[in-house]
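Q: I'd like to ask some things about the structure below.
The values are calculated or read from the model by the stated rules, or taken from the named source; none is laboratory data. Note that the structure is a prediction, hence the values are computed from the model and not measured. Neighbour counts run over all protein chains shown; Cβ positions are idealised from the backbone, glycine included.
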Amino acid sequence: MMDRRLIENFDWSIIWVLFAIISIGLLSIYSALYVQIQAHPTNNLFLRQLVWLAVGMTVMCCSLFIDYQRLRSISPWVYGFVLLLLLVVMVAGKEVNGSRRWLEIAGFQFQPSEFMKVVIVLQLAGYFSSQDVPGYPSLGKLILPVCFTIAPVLLVLAEPDLGTAISILAISTTIIFYVGIRWKYLAIGALSLLPFLVPVWEHALKPYQKRRILILLRPDLDPLGAGYHIRQSKIAIGSGMLWGKGFLNGTQNKLHFLPEKHTDFIFSVWAEEWGFVGSAVLILLFCLLIFLTLRVAGRSRDRYGSLIVIGMSAYILWQAIINIGMVIGLLPVVGITLPFVSYGGSSLITLCFAIGMIENVSMRRYVFQTR
Amino acid sequence: MKNKKPVGLKIINWESTETVSFQRQHIALYGILLIFLTIYLLRLWHLQVLEGSSYRFQSENNRIRIEEISSPRGIIFDRAGVPIVENRPAYHLVIIREDIRDLDGTIRELARLCERNPDDFFATVEANRTTPKFMPLRLASDLDRDCLARIEAQRIRLPGVVIQLEPKREYKWNGTAAHLVGYLSEITEADFKSEKYQGYYPGEDIGKVGVESAFEQYLHGKRGGRQVEVDAVGRRIRLLDEVLPISGRNLWLTLDMDLQRTAESLLEGKTGAIVAVDPRDGSVLAFACSPTFDQEKFIRGLKKDEWNALTKDPSRPLLNRGSGAAYPPGSTYKAFVAIGALKEGAITPTSTFNCPGYLQYGDRKYRCWRDAGHGGVDVERAIIQSCDVFFYNTGLKLGVDKLAQYANMFGLGERTGIGLYGEHPGLIPTSWWKKQATGVPWQRGETISISIGQGFDLVTPLQMAMGYAAVANNGKLWYPYVVKRIEGSTSDEIAEIKPRLKRKIPLEQRYFDLVKKGLTGVVESPGGTAHAIRDPAYQTAGKTGTAQVVGVAQGANRKLLEKLTKAKDKDHAWFVGYAPAGDPEICVAAILEHGGHGASAAAPLVQKVIQAHLKGKTDK
């Protein structure tokens with residue numbers, strides 16, 4: 001059943017902004033991988049990213065057609081399934097650089113933890129929009145959503161993948177905050193976390209993670225060790241100056257001074273070659289995207305849809321904030337990619353699904369519902 | 001909406017309180033967005049616009065490395081083109097800390113490969129903590145072959161580790177002509193600041209003493225440099241700019257390496273010097289000092305205790321005995337006394353003095369070396385037999401200031417001008433000098449001592465060689481010179497150094513002829529003091545000298561005394577000679593500290609040098 005209103009309420013502005021961001025992403029990945037592309041014109045990560053993009057677009061289109069209301073009933077099952085996958089990863093995951101994040105099925109590698117970022121949104125949105133949970137829920141009503149969040153966060157931390165854990169935590173917190181949380185609960189939550197701070201610092205964090213946090217405070221302590229990444233990133237961004245060094249002319253990028261340049265530090269590649277003007281444009285595009293999605297949340301038909309959009313929007317928002325914050329040296333270096341810009345299949349597909357869900361809610365925002 | 005409910009559809013209303021509360025959250029989210037937008041844009045403005053040029057500079061620093069291209073120092077050849085001092089490649093272990101991720105691990109690995117103590121390396125790194133991280137830092141100098149091979153094999157795994165090639169001095173005959181050639185040592189802080197060493201880099205070697213120092217400006221080339229673009233692990237991507245080094249100029253010495261080696265072998269185990277010059281132009285043919293020192297040691301870097309050992313060694317190996325040390329000339333001085341006395345009319349060619357074996361002056365007896373005396377001798381015989389009493393009388397007639405005037409005329413008492421560091425001017429006393437130096441007026445008795453080259457008289461072997469050369473060539477006093485050609489990299493950059501006449505000594509030929517006849521007689525006539533060294537192949541002229549180190553008591557038995565004297569109190573043995581006597585080609589001065597008699601100790605050495613020179617020439 002294709003309603004005319006479905007198409008009328010499709011928010012094209014989101015799609016245009018999204019395409020602009022994706023284009024910037026492709027340009028940056030092309031530049032970051034230029035050496036590889038020259039060496040292997042037919043088999044490189046840039047082409048693979050294009051494939052991922054096609055898959056992502058397909059996922060986005062598919063996600064438009066199912067009324068999001070139907071997800072309410074299946075989301076607990078999906079949540080459980082992805083949680084199970086995270087357990088499988090712990091046992092059978094592929095180890096890269098000392099952490100198990102990847103599952104390999106039929107030659108394709110993917111990160112279940114990426115999918116958890118959207119699944120948790122559906123799960124929490126479903127919980128908070130059920131009839132017996134009011135706005136500003138009581139403490140008792142918060143126990144379950146906290147458990148929904150803590151379970152995947154712990155599993156992801158064990159991989160270890162601090163970045164994804166922080167993402168999931170940030171998404172959940174935003175949803176709970178949006179539903180409404182009383183100040184005293186917030187205070188209780190913060191206080192109850194405090195005793196964990198020291199043991200987490202002492203035991204849960206790897207030495208390199210601790211160093212990265214310390215380095216943020218004093219980046220010049222160890223310019224060749226833990227501070228190296230952030231220092232090189234700042235040099236790359238700063239050396240772009242107002243107008244940038246020009247496409248494919250970034251020396252920090254080309255001469256491999258930038259670490260993880262096609263994933264975590266893709267923003268630095270862009271900022272080096274396009275300068276302040278380019279980076280400001282990218283940041284404003286992100287703001288515009290978030291603004292547009294928040295607008296969808298505000299106009300959505302019901303609380304469920306609204307919370308889905310808020311969750312998906314928070315996913316994009318926090319990843320962008322943390323990633324850019326870390327490459328410009330304001331936040332510690334944790335492995336979080338820049339949405340739609342960084343290279344990465346699982347992430348891109350999940351993000352496309354998120355946009356699909358937002359459009360899904362937007363399309364069905366008319367206040368009438370079939371009985 | 002209240003009364004007209006469409007069939008089949010249900011209105012879903014937000015609870016009124018909920019809408020309001022959600023709006024608050026909405027605004028809060030916009031607020032968060034705005035806050036981050038502002039902070040990030042300000043941060044980017046700060047990084048890219050305010051600090052942009054500084055970061056641009058750092059990114060250039062990141063990618064651009066300045067590499068030095070060291071310039072080889074000029075080679076030093078002997079007069080025939082035999083290299084005396086060459087260059088060899090030395091390999092230094094250098095790290096660029098900026099390119100090293102794991103400094104500790106890298107240093108430990110390098111120490112293991114070099115079989116050195118890692119603490120030394122850590123100390124070097126610690127000492128250079130404040131120098132920029134992109135500057136190359138030398139951990140070890142002059143690696144040996146095995147160590148070099150081990151490091152090269154591991155280089156791929158060790159980013160930021162560089163092997164730096166630098167030409168180093170190589171001494172083909174270590175210690176040969178060391179005092180003349182000199183040595184190198186690393187430029188000191190004080191030198192580095194001085195005008196002379198402008199444009200030098202820290203860590204460069206500069207010449208110390210000898211030709212290495214005197215011709216520093218020619219020998220030292222100019223370092224070149226290279227600007228290369230490197231990637232994050234220090235691999236060279238491309239060459240951006242290059243300034244080629246200018247290599248130092250080569251020097252051709254006047255030295256004859258064969259003669260030098262002969263002279264040095266003659267001095268082996270002895271303390272003294274042999275200086276051979278060409279009386280026709282003043283060029284130095286041999287310049288041997290003994291004991292000598294190890295020049296290589298300076299290249300490797302002298303440790304403090306090694307330096308102390310070298311400077312405190314009682315045999316003073318660093319002393320340049322050829323031109324940097326002065327000795328009483330003894331009887332070798334007599335030739336100049338004779339020529340002055342003839343010119344001044346104090347004596348005539350035929351005037352004689354009677355030598356009873358001593359000269360009574362006041363209440364003191366001045367002895368002749370021959371206790372039995374020489375009887376009546378004229379100037380020629382006095383030279384041949386080295387009669388002291390003849391010259392006591394002559395000296396007394398001339399007086400101290402006239403003696404000094406003629407000695408000065410032949411270059412004694414002044415620096416020869418060879419241009420080497422630390423030349424000793426010697427000392428030829430005058431009455432004025434004595435008054436100035438000691439406050440006591442000149443005593444006539446002292447004139448007696450100085451007329452036979454004792455007392456205050458001090459000369460260097462080089463001065464003696466040059467002075468006798470001036471006698472041999474009938475009055476041409478040359479500046480001695482050791483470098484005859486300065487050779488650049490192209491043929492039009494060759495400068496030949498011309499002999500320079502210091503002065504023409506204004507004396508009549510007949511005086512020269514007479515004195516030279518005497519000097520020839522010293523070797524050639526049967527009564528001559530050095531007749532034993534005669535070589536029938538050519539005529540040799542010369543003069544023996546035995547310079548007292550310790551004053552001999554009045555009336556002491558000399559023969560007995562000689563036997564009792566300890567080695568360190570023995571007389572200095574001199575001989576200065578030239579050959580062939582008629583047309584001199586070489587003039588040699590030799591001194592042996594505490595060598596005993598000039599005739600028996602020094603004269604044979606001189607003759608061997610002369611033989612080597614004249615024979616060597618006919619062989620060639």
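Q: Without any contact (Cβ under 8 Å) to a residue 60 or more places away in the chain and within 14 Å of another protein chain (Cβ to nearest Cβ): is that true of B:ARG65 in this structure? Even if it seems obvious, please write down each step before you answer.
A: Details: without any contact (Cβ under 8 Å) to a residue 60 or more places away in the chain: no; within 14 Å of another protein chain (Cβ to nearest Cβ): yes.
No; evaluated as a whole, the condition is false for this residue.
Q: So, one more: Report, by residue number, each residue of region A:253-280 that is surrounded by fewer than 23 Cβ atoms within 10 Å (Cβ to Cβ), more than 10 Å from chain B (Cβ to nearest Cβ) and not hydroxyl-bearing (Ser, Thr, Tyr).
A: Selection gives A:GLU260 alone.
Q: Taking the condition of being at the interface with chain B (Cβ under 9 Å from one of its Cβ atoms), within 15 Å of the chain's Cα centre (by Cα) and within 19 Å of A:PRO145 (Cα to Cα), how many residues in region A:304-328 meet it?
A: 3
Q: Which of the following residues is more than 8 Å from every other protein chain (Cβ to nearest Cβ), in a loop (DSSP other than H, G, I, E, B) and not hydroxyl-bearing (Ser, Thr, Tyr): B:GLY31, B:GLY74, B:GLY105?
A: Details: B:GLY31 fails: in a loop (DSSP other than H, G, I, E, B); B:GLY105 fails: in a loop (DSSP other than H, G, I, E, B).
When all the criteria are applied, what remains is B:GLY74.
Q: Run down B:GLY340, B:GLY345 and say which single residue is surrounded by fewer than 17 Cβ atoms within 10 Å (Cβ to Cβ) and in the same structural domain as B:GLN443 (by TED's automatic domain parsing).
A: Numbers: B:GLY340 fails: surrounded by fewer than 17 Cβ atoms within 10 Å (Cβ to Cβ).
When all the criteria are applied, what remains is B:GLY345.
Quick grid of which residues meet (1) touching a Ser or Thr at 6+ places or on another chain (Cβ under 9 Å); (2) outside the structural domain of B:GLU296 (by TED's automatic domain parsing):
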| site | (1), (2) |
| --- | --- |
| B:GLU186 | no, yes |
| B:LYS208 | yes, yes |
| B:GLY224 | yes, yes |
| B:ARG236 | no, yes |
| B:SER265 | no, no |
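Q: So which residues in region A:313-333 are buried (at least 22 other Cβ atoms within 10 Å of the Cβ) and not in a helix (DSSP H, G or I)?
A: The answer is A:ILE328, A:VAL333.
Q: Return the residues of region B:91-118 that are over 13 Å from B:LEU143 (Cβ atoms) and without any contact (Cβ under 8 Å) to a residue 24 or more places away in the chain; say none if nothing qualifies.
A: The answer is B:ASP102, B:LEU103, B:ASP104, B:GLY105, B:ARG108, B:ARG112, B:ASN117, B:PRO118.
Q: Here's another thing I want to ask about it. Just checking, how many residues over region B:561-596 are over 27 Å from the mean Cα position of the chain (by Cα), of a type in the set (D, E, K, R) and at pLDDT 85 or above?
A: 3
Q: Being out of contact with any strand residue (DSSP E or B) (no Cβ under 6 Å at 6 or more places or on another chain) and β-branched (Val, Ile, Thr) is the requirement here; does B:ILE100 meet it? Steps first, answer last, please.
A: On the way: out of contact with any strand residue (DSSP E or B) (no Cβ under 6 Å at 6 or more places or on another chain): yes; β-branched (Val, Ile, Thr): yes.
Answer is yes for this residue.
Q: Please state which one of B:LEU318, B:LEU342, B:LEU310 is within 22 Å of B:TYR421 (Cα to Cα), under 46 Å from the mean Cα position of the chain (by Cα) and in a helix (DSSP H, G or I). Give the derivation first.
A: Working: B:LEU318 fails: in a helix (DSSP H, G or I); B:LEU342 fails: within 22 Å of B:TYR421 (Cα to Cα).
That would be B:LEU310, the only listed residue that is within 22 Å of B:TYR421 (Cα to Cα), under 46 Å from the mean Cα position of the chain (by Cα) and in a helix (DSSP H, G or I).
Q: Taking into account only those residues within region B:532-552 that are part of a loop (DSSP other than H, G, I, E, B) and of a type in the set (Gly, Ala, Ser), which is modelled with the highest pLDDT?
A: Within region B:532-552, the subset part of a loop (DSSP other than H, G, I, E, B) is B:534-540, B:548-552.
Filter once more, keeping what is of a type in the set (Gly, Ala, Ser): B:537, B:551.
Values: B:ALA537: 91, B:GLY551: 60.
Among those residues, the one meeting the criterion is B:ALA537.
Q: Still on this structure, I have one more. Quick one: in region A:240-252, of everything that is outside any helix (DSSP H, G or I) and of a type outside the set (A, V, I, L, M, F, W, C), which residue is nearest to the other protein chains (Cβ to nearest Cβ)?
A: Within region A:240-252, the subset outside any helix (DSSP H, G or I) is A:240-250.
Checking which are of a type outside the set (A, V, I, L, M, F, W, C) leaves us with A:240, A:244-246, A:249-250.
Working: A:GLY240: 6, A:GLY244: 9, A:LYS245: 9, A:GLY246: 13, A:ASN249: 11, A:GLY250: 9 Å.
Only one residue fits best here, namely A:GLY240.
Q: Tell me which residues, restricted to region A:281-303, are facing chain B (nearest Cβ under 10 Å), more than 20 Å from the chain's Cα centre (by Cα) and part of a helix (DSSP H, G or I).
A: A:GLY298, A:ARG303
Q: Consider only pairs whose beta carbons are under 6 Å apart and that are at least six residues apart or on different chains; among these, list those whose first residue lies in region A:48-72 and is surrounded by 14 or more Cβ atoms within 10 Å (Cβ to Cβ) and whose second residue is of a type in the set (Ser, Thr, Tyr).
A: If the second residue must be of a type in the set (Ser, Thr, Tyr), the pairs left are A:GLN49/A:TYR343.
Q: Then there is this: With region A:1-115 as the region, which strands (runs of 3 or more DSSP E) entirely inside it contain at least 2 residues that are among the charged types (D, E, K, R)? Please lay out each step first, then the result.
A: Details: elements: A:94-96, A:99-105, A:108-110.
Of the strands (runs of 3 or more DSSP E) lying wholly inside region A:1-115, those with at least 2 residues that are among the charged types (D, E, K, R) span A:94-96, A:99-105.
Q: Okay, moving on. Given (1) under 22 Å from the mean Cα position of the chain (by Cα); (2) touching a residue at least 12 places away in the same chain (Cβ under 8 Å); (3) over 27 Å from A:ALA151 (Cβ atoms), where does A:SER75 come up short, assuming only one miss?
A: For A:SER75, the failing item is (3).
Q: Test of understanding: among A:ILE175, A:ILE181, which residue is modelled with pLDDT under 90, hydrophobic (A, V, I, L, M, F, W, C) and under 24 Å from the mean Cα position of the chain (by Cα)?
A: Details: A:ILE175 fails: modelled with pLDDT under 90.
The unique qualifying residue is A:ILE181.
Q: For residues in region B:209-237 being away from every other protein chain (no Cβ under 14 Å) and acidic (Asp, Glu), which is surrounded by the most Cβ atoms within 10 Å (Cβ to Cβ)?
A: Of everything passing the filter in region B:209-237, B:GLU212 is surrounded by the most Cβ atoms within 10 Å (Cβ to Cβ).
Q: Assess whether A:ILE336 counts as being part of a loop (DSSP other than H, G, I, E, B), within 15 Å of the chain's Cα centre (by Cα) and either within 8 Å of another protein chain (Cβ to nearest Cβ) or in contact (Cβ under 8 Å) with a residue 60 or more places away in the chain (or both). Steps first, answer last, please.
A: Values: part of a loop (DSSP other than H, G, I, E, B): yes; within 15 Å of the chain's Cα centre (by Cα): yes; either within 8 Å of another protein chain (Cβ to nearest Cβ) or in contact (Cβ under 8 Å) with a residue 60 or more places away in the chain (or both): yes.
Against the criterion (part of a loop (DSSP other than H, G, I, E, B), within 15 Å of the chain's Cα centre (by Cα) and either within 8 Å of another protein chain (Cβ to nearest Cβ) or in contact (Cβ under 8 Å) with a residue 60 or more places away in the chain (or both)), A:ILE336 qualifies.
Q: It is to be established whether one or more residues within region B:259-281 are touching a Cys at 6+ places or on another chain (Cβ under 8 Å) and among the β-branched types (Val, Ile, Thr).
A: Yes, region B:259-281 has at least one match.
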